[in-house]
Every structure is written in C-alpha cells, then in structure tokens.
Amino acid sequence: MSNLWAATGQLVRKPLFLVAAGYVLFVVVSAFWPRLFTSEGPYDTHPEVAILPPSLGHPFGTDSYGRDLWTRVLYGSPLTIQATVLALGIALVAGLTLGVVSGFFGGRADALLMRVVDVLLAIPGLLLALSIVTALGYGTIPVAVAVGVGIVPGFARTTRAEVLRVKTLPYVEAARGAGASWPRVLLRHILPNSWGPVAVLAVLDAGVAIIAIASLSFLGFGAAPPAAEWGTLIADGRNYLVTAWWLSLLPGLFVALLVLSLNHISKTMQELTR
C-alpha cells in the first residue's frame, strides 16, 4: 500500500501526466455520454450552414452536409474505443498465452512459438491487418480483430522476456524449495510479478491500435457511412483540404492528442516501474 501511495504522489507531481490523463478521461467520458458536451445529433443535417469554419457554435466547423463536426467526432469515439478495447483484449489474451507458455516451459515449445512470432514480426503491422480485414470483411469488429492480431507479437515477446526473468529470481526458487507446485508458482509469483511491463505495453499499444483502426477506417474498411468513425471523418475532408482545412485537420488533431497522451502515460508508468 505504501508503494501505491508513493507512486500516486509521484504522478500528482507531474503536470504533463495529469494533463494527458485528463484528456484521455475526457475522451472516454465523451464516448459514453456525448450529450454532456454537445446538444446536436451526429446525423442532423443543415445544408444552409454547410462548410462553416470553426466558431463558438461549431467548435470544429460543419461538413458538406451542414453536420456539426465536433458532434460527429464525439459520437465517433465509441466505435473507435470499442474497437481498441477489443483489439487489446485479443492481443493480451493471445500474447500472454504465447509468452507464458514459451517462457515458462521453454525447450521445443519456446523455439516453435517464437519462430511463429518472428514471422509475424517480419510482416508490417498495417499490411498484416489489411490482409486479415480483407479476408474477414469490412466493419468495426473485423478491423478490431485484424489490429489485435497485428499487435500480438509484441505482447508475446514482452511476456516471454518477463517470465524468463522472474522465473530465475530467488523467491521463485524459495517457493519451489518450500514444496510449491509449478502451477502455484506460476499463478502466485511469476504472473503477478511479470505484469508491470505488459501493462505499460498495453497503454502504449492502445495508441498504436487507435492509429491502426483510424487508418483502416480512412481506407474504407471501417463502419459504413454515415457512421461517424474517426478515420472516416478524416477521409471525408480530404477533398476539401484547400478550401476547408478543418474537416480533416481538427478530427486528426483530436486523435493525435489522444495517442500522444497515451504515449506519455505509458512513458511515465515505465519510469515508475524501473
């Protein structure tokens, strides 16, 4: 408990961490309760105010149909966040399983699984995701599955390295010497003490997943129009970059700030776990 309070005290004294955490919290809250931040609907069209620049009434301006872009960005948050959570869930379950089996049992299992992971690492993540989503079909769930599979190798490698490190520590040998079975040692000692770097990687890869999901949506693999997905919103404004720059720039900035915030949180967590 004292370590927890000490870590909390260090985080409170980091203004940039507080700003980053506040922005992530705002995005999550606005995803579930967008009505707290806008009174417009994501599909309300007003042709008479089409392509308006940012203003007090329309912080992100309006699109070619007169829809409030700020509202559409907020209502697009749930789709991307749900896809990110699903992708991270797939990566965590599969990556932890591969890493634990490889690092704990070693031998031929380790050699075989790590060669499979090496093959996946040799394929660019976005290319692998494109191949998977092409096979599964379009939509938010296929995109999430494709991105999740693409980030599995990182979790597998990190988990394996931590399991190999913790397995050789004195308290694990002491537990074995006291008669504890290997399953008990794995569940009570190795896994809990291997979780720190994996948690840091999960926060970092949340940003990676958001970029990948937005990229696939930008390319047209995400939810079908008129769904307000972040990548789709950025793609919708690419034909107006000269005359209406805000249509792509502001949603892109919204996403970029979220990714940068997650990266900063991950970096701070990493510093605390050293």
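The values are calculated or read from the model by the stated rules, or taken from the named source; none is laboratory data. Remember, it's a predicted structure, so these values are computed and weren't measured experimentally. No Cβ is skipped: glycine too gets one built from the backbone with ideal geometry, and neighbour counts run over all protein chains shown. All accessible areas refer to the heavy atoms of the entire protein, side chains included, with ligands and DNA or RNA removed. Shrake-Rupley method; radii C 1.70, N 1.55, O 1.52, S 1.80 Å.
Annotations
- Residue within region 194-214 that is over 13 Å from the mean Cα position of the chain (by Cα), of a type outside the set (A, V, I, L, M, F, W, C), surrounded by fewer than 20 Cβ atoms within 10 Å (Cβ to Cβ) and part of a helix (DSSP H, G or I) present: yes
- Pairs with Cβ under 9 Å, 6+ apart, first in region 220-232 and more than 8 Å from residue 138 (Cα to Cα) and in contact (Cβ under 8 Å) with a residue 40 or more places away in the chain, second basic (Lys, Arg) and open to solvent by 20 Å² or more (accessible area, probe 1.4 Å): 226/67; 228/67
- Region 73-89 - residue that is aliphatic (A, V, I, L, M) and touching a Ser or Thr at 6+ places or on another chain (Cβ under 8 Å) and, of those, nearest to residue 226 (Cα to Cα): 79
- If the condition is being open to solvent by 20 Å² or more (accessible area, probe 1.4 Å) and touching a Gly at 6+ places or on another chain (Cβ under 6 Å), then region 73-97 contributes only 90.
- Residue match in region 147-170 (condition: open to solvent by less than 60 Å² (accessible area, probe 1.4 Å), modelled with pLDDT under 75 and either under 13 Å from residue 104 (Cα atoms) or not acidic (Asp, Glu) (or both)): yes
- Residue identified as of a type in the set (Val, Ile, Thr) and either surrounded by fewer than 19 Cβ atoms within 10 Å (Cβ to Cβ) or touching a Pro at 6+ places or on another chain (Cβ under 6 Å) (or both) among 100, 117: 117
- Which listed residue, of 40, 48, is open to solvent by 50 Å² or more (accessible area, probe 1.4 Å), assigned to a helix (DSSP H, G or I), at pLDDT 85 or above and of a type in the set (Asp, Glu): 48
- Index of the failed condition, residue 53 passing every other in (1) surrounded by fewer than 15 Cβ atoms within 10 Å (Cβ to Cβ); (2) over 17 Å from residue 237 (Cα atoms): (2)
- Test result for residue 83, under 30 Å from residue 188 (Cβ atoms) and assigned to a helix (DSSP H, G or I): no
- The residues of region 249-274 that are farther than 14 Å from residue 23 by Cβ, in a helix (DSSP H, G or I) and either open to solvent by 50 Å² or more (accessible area, probe 1.4 Å) or acidic (Asp, Glu) (or both), listed by number, are 249, 267, 269, 270, 271, 272, 273.
- Hits in region 135-146 (condition: among the β-branched types (Val, Ile, Thr) and either buried (at least 23 other Cβ atoms within 10 Å of the Cβ) or farther than 30 Å from residue 105 by Cα (or both)): 140, 141, 143
- Search result, residues across region 224-248 that are within 15 Å of residue 72 (Cα to Cα), open to solvent by 20 Å² or more (accessible area, probe 1.4 Å) and either in a loop (DSSP other than H, G, I, E, B) or hydroxyl-bearing (Ser, Thr, Tyr) (or both): 224, 225, 226
- If only residues of region 43-98 that are among the charged types (D, E, K, R) and in contact with a strand residue (DSSP E or B) (Cβ under 8 Å, 6 or more places away or on another chain) are counted, the one that is nearest to residue 213 (Cα to Cα) is 68.
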